[in-house]
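Enquirer: Input: one structure, supplied below.
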Amino acid sequence: MGNLKFDRPSIPAVGSGELILVEIDDYEVSSVNTGVPHSVIMVDDLDLEIEDIAQIIRYSSIFPEGTNVNFVKAGDPLEVRTYERGVEGETYSCGTGAVASAAIARKLGLVGNEVMVETRGGPLIVSFEGDRAFLEGPAVTVYTGELSDEFRWSLSQET
């Protein structure tokens with residue numbers, strides 16, 4: 001997955017230094033760039049409506065390009081729910097979000113260098129060598145479909 005970037009300019013986030021356990025609209029937020037910006041909120045219970053809270057963080061002026069938002073319950077495994085920018089909703093599994101969640105949990109001293117992460121889409125394993133992260137997990141088809149002839153024709157007219 002590459003190198004983790006905790007400094008604010010690399011996330012990108014306004015300010016300097018790391019964004020670890022910073023209060024944003026009454027939520028303690030930590031952020032990292034794992035290829036895209038991710039923010040993590042540690043929670044005691046994942047049985048909550050994440051979209052309203054996530055949108056507050058996702059659109060905060062602290063993140064000029066926005067941020068994905070992960071809700072993480074510490075434990076073994078680390079349980080994660082992710083709100084993705086662009087999708088503008090929760091996704092079942094996000095590789096960069098799983099890595100971000102594990103990286104922040106590691107930064108906070110909650111996990112070691114190998115972490116089992118449970119997403120709604122299934123289990124993933126995140127491991128670290130220094131600030132370099134690796135991700136392992138199954139690849140599964142979740143949807144198949146066919147394009148109508150009409151749609152294919154309209155696409156061919158655009159090029």
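Enquirer: Could you go through the stretch 65-73 in sequence order and give the Karplus-derived ³J(HN,Hα) for each residue, using 6.51 cos²θ - 1.76 cosθ + 1.60 with θ = phi - 60°, rounded to whole Hz, and x for Gly and Pro?
Expert: 9, x, 8, 6, 10, 10, 9, 10, 9
Enquirer: Just to confirm my numbers, what's the Cα centroid distance between the stretch 131-159 and the stretch 89-128 in Å?
Expert: So the two Cα centres are separated by 24 Å.
Enquirer: State which stretch of the chain is the longest one without any exposed chymotrypsin sites (Phe, Trp or Tyr not before Pro), exposure meaning a DSSP loop state and at most 13 other Cβ atoms within 10 Å. Could the numbers behind the result be given before it?
Expert: On the way: sites that count: Tyr59, Tyr92, Tyr143.
Result for the longest clean stretch: 1-58.
Enquirer: Mind checking the dipole of the stretch 2-158: about its Cα centre, +1 per Lys or Arg Cβ, -1 per Asp or Glu Cβ, Debye to the nearest 20?
Expert: Details: 11 positive and 27 negative charges, 118 e Å.
Dipole magnitude for the stretch 2-158 comes out near 560 debye.
Enquirer: Something else: Using the Karplus equation 6.51 cos²θ - 1.76 cosθ + 1.60 (θ = phi - 60°), what ³J(HN,Hα) coupling, rounded to whole Hz, does each residue of the stretch 103-109 give in order, writing x for Gly and Pro?
Expert: Calculated HN-Hα couplings, in order: 5, 5, 4, 5, 4, 7, x Hz.
Enquirer: Let me ask something else about it. So what J values fall out for the stretch 90-101 if you push phi through Karplus, 6.51 cos²θ - 1.76 cosθ + 1.60 with θ = phi - 60°, rounded to Hz, Gly and Pro as x?
Expert: 3J(HN,Hα) across the stretch 90-101, in whole Hz: 6, 10, 5, 7, 9, x, 5, x, 4, 5, 4, 4.
Enquirer: I've got another one for you. Using just the helices of the chain, give the 222 nm mean residue ellipticity in deg cm²/dmol: DSSP H runs with n ≥ 4 each add -39,500 (n - 2.57), and the total is spread over all residues, rounded to 500. Walk me through the numbers on the way to the answer.
Expert: On the way: 3 runs with 32 residues, N = 159.
Only helices count here, giving -6000 deg cm²/dmol.
Enquirer: Quick one: what Rg and Dmax do you get for the stretch 1-80 from the alpha carbons, in Å?
Expert: 12.2, 34
Enquirer: Could you line up Leu155, Leu21 from fewest to most neighbouring Cβ atoms inside 10 Å?
Expert: Working: Leu155 10, Leu21 13.
Lowest count first: Leu155, Leu21.
Enquirer: Mean separation of Cα pairs under 8 Å and 6+ residues apart, divided by the residue count of the stretch 2-158: what relative contact order is that in percent? Don't jump to the answer; show the numbers that get you there.
Expert: Values: 295 pairs, mean separation 27.4, N = 157.
Rounded, it is 17 percent for the stretch 2-158.
Enquirer: Any idea what the alpha-carbon Rg over 2.2 N^0.38 Å comes to for the chain? Walk me through the numbers on the way to the answer.
Expert: Numbers: Rg = 17.0 Å, N = 159, 2.2 N^0.38 = 15.1 Å.
Relative to the rule-of-thumb radius for its length, the chain sits at 1.13.
Enquirer: Work out which GluC sites (Glu not before Pro) in the chain are exposed loop sites (DSSP not H, G, I, E or B, at most 15 other Cβ within 10 Å) and give the longest gap free of them.
Expert: Numbers: sites that count: Glu49, Glu65, Glu88, Glu146.
Looking at the chain, 89-145 is the longest stretch - no exposed GluC sites (Glu not before Pro) with at most 15 other Cβ atoms within 10 Å.
Enquirer: Could you state the angle between the C-alpha long axis of helix 149-158 and the longest principal axis of the C-alpha atoms of the chain, as a value from 0 to 90 degrees rounded to the nearest 10?
Expert: With both axes taken from Cα atoms, the answer is about 70 degrees.
None of the figures in this text is laboratory data; all of them are computed from the coordinates on show. Everything numeric here is computed off the predicted structure, so don't read it as measured data. Counting neighbours? That spans all protein chains shown, and the Cβs are built from the backbone with ideal geometry, glycine included.
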